[in-house]
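The values are calculated or read from the model by the stated rules, or taken from the named source; none is laboratory data. From a predicted model like this one, the values you see are computed outputs, not experimental measurements. In this analysis, Cβ positions are derived from the backbone assuming ideal geometry, glycine residues included, and neighbour counts consider all displayed protein chains.
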Amino acid sequence: MEIGIDQISFFTPNLYLDLTELAEKRGVDPNKYLVGIGQEKQSIVPPTQDSVSMAANAASILLEQKSTEFLNSIDEILFASESGIDNSKSGAVYLQKLLNLKKNMRAIEIKQACYGGTFALMTAFDYVKLHPNKRILVVASDIARYGLKSAGEVTQGAGAVAMLVSTQPRLASYNWDSVFQSEDLMDFWRPLDQSEALVFGKMSQEIYEKFFYEIWQTYSQKNLKKVSDFAAFVFHLPFTKMGKKALDQINDQIDESKKDQLEKNRLAGQIYNRKVGNLYTGSLYLSLISLLKNNILKNNDRIAMFSYGSGTEGELYSLSLAADYRQAILGDPAQMIASRRKVSVDEYEGLFRAFPEDSEDHELTNSYDSSHFQLKRIKDHQRIYGDNF
Ligand code: COA
């Protein structure tokens with residue numbers, strides 16, 4: 001019985017910052033951002049969007065036009081985020097209500113830095129294996145926020161990826177080959193009283209590379225697989241250069257005849273991430289969408305997926321593509337990215353500072369946010385969402 005990702009969709013807010021303009025404003029050579037870090041643009045979040053509204057917007061693309069019978073087969077919503085809106089209540093129950101889903105379901109939030117989305121998927125695969133007539137909705141949604149003028153500023157971004165997990169998946173099957181490891185490390189964290197992440201940037205890159213290298217060695221031995229067994233390696237991309245740094249470590253294991261294909265697919269897998277920025281939990285899955293939309297792959301092509309979450313957890317697993325995988329990517333990510341409105345650096349700084357805190361009441365209106373679901377107000381420490389349609 002094949003189990004995997006049946007359909008996938010993506011949402012990002014409709015504003016972006018041009019990183020060449022940011023570099024000029026910060027007195028940095030633009031090539032540091034464009035080439036050295038590998039980021040071109042980043043999505044900017046209006047006050048009317050947060051991790052829950054973005055998740056609802058991504059999931060609504062998946063669920064529109066589904067029959068009642070289909071919707072009733074969804075037994076769990078797993079909301080993966082490290083920028084959730086509450087320290088206690090799950091963001092998934094807001095999604096259950098906004099998406100009008102049945103009452104008899106589990107609605108759970110999962111947190112482990114950028115790795116949470118992968119754990120949600122693994123949990124979903126296990127559940128569907130035991131309950132083959134059921135489906136799970138997994139949504140990975142985040143705002144990556146490091147702070148104005150911080151080293152991490154260029155690696156910010158925002159967005160959500162929603163996935164349906166089922167048997168007979170139309171996108172890709174999971175190959176039950178995960179290798180994972182974790183270790184208590186302090187490379188990136190966000191204290192409870194702060195809305196911006198703290199990071200030892202160089203240390204986080206080094207640990208990411210080390211985790212990929214170690215996990216790959218174990219994975220290849222345990223699963224008897226070589227680099228040439230894969231059509232592509234897809235990475236969690238906090239910034240696109242990170243994927244290249246990781247893959248370069250196993251360059252000596254890549255056959256000459258395979259190098260060209262892997263490099264083309266690596267580049268295809270970073271096209272959207274270069275323009276959106278880091279989505280934390282959703283970043284690996286945006287890269288998967290980018291690869292599948294920007295290069296032609298074949299039925300049964302095997303794709304290695306490397307998930308990394310600071311703090312630290314890493315996992316490598318593979319997916320095998322379904323025949324009509326392109327039809328299983330719903331919505332139009334390229335159009336969504338291209339139709340965003342550019343904001344100036346001053347406007348971005350104003351929006352960054354206007355990030356609504358729950359300690360004060362806010363009425364949130366935004367003439368340029370036409371997204372389906374929006375955060376409408378914060379009142380008495382409660383977030384109230386609205387359907388814009
Ligand atoms: N032209 C081309 N490349 C340039 C350049 C220029 N003018 N100036 C610098 N670079 C290159 C550097 O050589 C470096 O490349 P390398 O890492 O391949 O050697 C790269 O640009 C970044 O420069 P660096 O000085 O290391 O950047 P930084 O100290 O400003 O920090 C991060 C970069 C990624 C560490 C920082 O943005 C960060 O902390 N981000 C958040 C954490 C994160 O994303 N961690 C990843 C793992 S989860």
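For the stretch 142-156, which positions are within 10 Å of the ligand (Cβ to nearest atom) and not β-branched (Val, Ile, Thr)?
Across the stretch 142-156, the qualifying residues are Ala144, Tyr146, Ser150, Ala151, Gly152, Glu153, Gln156.
Within the stretch 179-202, at least one residue is of a type outside the set (Ser, Thr, Tyr), touching a helix residue (DSSP H, G or I) at 6+ places or on another chain (Cβ under 8 Å), closer than 18 Å to Phe235 by Cβ and not in a strand (DSSP E or B). Name the single residue that is surrounded by the fewest Cβ atoms within 10 Å (Cβ to Cβ) among those in the stretch 373-389 being on the phi < 0 side of the Ramachandran plot and part of a loop (DSSP other than H, G, I, E, B). Filtering the stretch 373-389 for residues that are on the phi < 0 side of the Ramachandran plot and part of a loop (DSSP other than H, G, I, E, B), the one surrounded by the fewest Cβ atoms within 10 Å (Cβ to Cβ) comes out as Phe389.
Residues of the stretch 111-132 that are among the hydrophobic types (A, V, I, L, M, F, W, C), buried (at least 24 other Cβ atoms within 10 Å of the Cβ) and not in a helix (DSSP H, G or I): Cys114 alone. If I ask for residues that are under 13 Å from Ile303 (Cα atoms) and more than 16 Å from the ligand (Cβ to nearest atom), which ones from the stretch 201-240 would you list? Those that are under 13 Å from Ile303 (Cα atoms) and more than 16 Å from the ligand (Cβ to nearest atom): Lys225, Lys226, Val227, Ser228, Asp229, Phe230, Ala231, Ala232, Phe233. Residues that are surrounded by 16 or more Cβ atoms within 10 Å (Cβ to Cβ), touching a residue at least 40 places away in the same chain (Cβ under 8 Å) and within 16 Å of the ligand (Cβ to nearest atom) do occur in the stretch 133-141.
Output the number of the condition that Glu153 fails; it satisfies all remaining conditions of (1) touching a Leu at 6+ places or on another chain (Cβ under 8 Å); (2) buried (at least 24 other Cβ atoms within 10 Å of the Cβ); (3) on the phi < 0 side of the Ramachandran plot. Here Glu153 clears every test but (2).
Yes or no, residue by residue, for (1) part of a loop (DSSP other than H, G, I, E, B); (2) within 15 Å of the ligand (Cβ to nearest atom); (3) surrounded by fewer than 16 Cβ atoms within 10 Å (Cβ to Cβ):
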site	(1), (2), (3)
Met1	yes, no, yes
Asp6	no, no, no
Phe10	no, no, no
Pro13	yes, no, no
Glu24	no, yes, yes
Tyr33	no, yes, no
Gln42	no, yes, no
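The combined condition, being at pLDDT below 95 and touching a strand residue (DSSP E or B) at 6+ places or on another chain (Cβ under 7 Å), is not fulfilled by Glu313.
Scanning the stretch 317-372 for residues that are buried (at least 18 other Cβ atoms within 10 Å of the Cβ), in contact with a Leu (Cβ under 8 Å, 6 or more places away or on another chain) and charged (D, E, K, R) yields a total of 1. With respect to being among the small types (Gly, Ala, Ser) and buried (at least 21 other Cβ atoms within 10 Å of the Cβ), Gly201 falls outside the description.
Of the residues making up the stretch 96-114, those that are more than 16 Å from the ligand (Cβ to nearest atom) and under 24 Å from Gln156 (Cβ atoms) are Glu109, Ile110.
Per the listing Ala172, Ala197, the residue uniquely within 15 Å of the ligand (Cβ to nearest atom) and either within 20 Å of Leu78 (Cβ to Cβ) or small (Gly, Ala, Ser) (or both) is Ala197.
So for the stretch 232-242 (the condition being assigned to a helix (DSSP H, G or I), within 18 Å of the chain's Cα centre (by Cα) and not small (Gly, Ala, Ser)), does at least one residue qualify? Among the residues of the stretch 232-242, at least one is assigned to a helix (DSSP H, G or I), within 18 Å of the chain's Cα centre (by Cα) and not small (Gly, Ala, Ser), which makes the answer yes.
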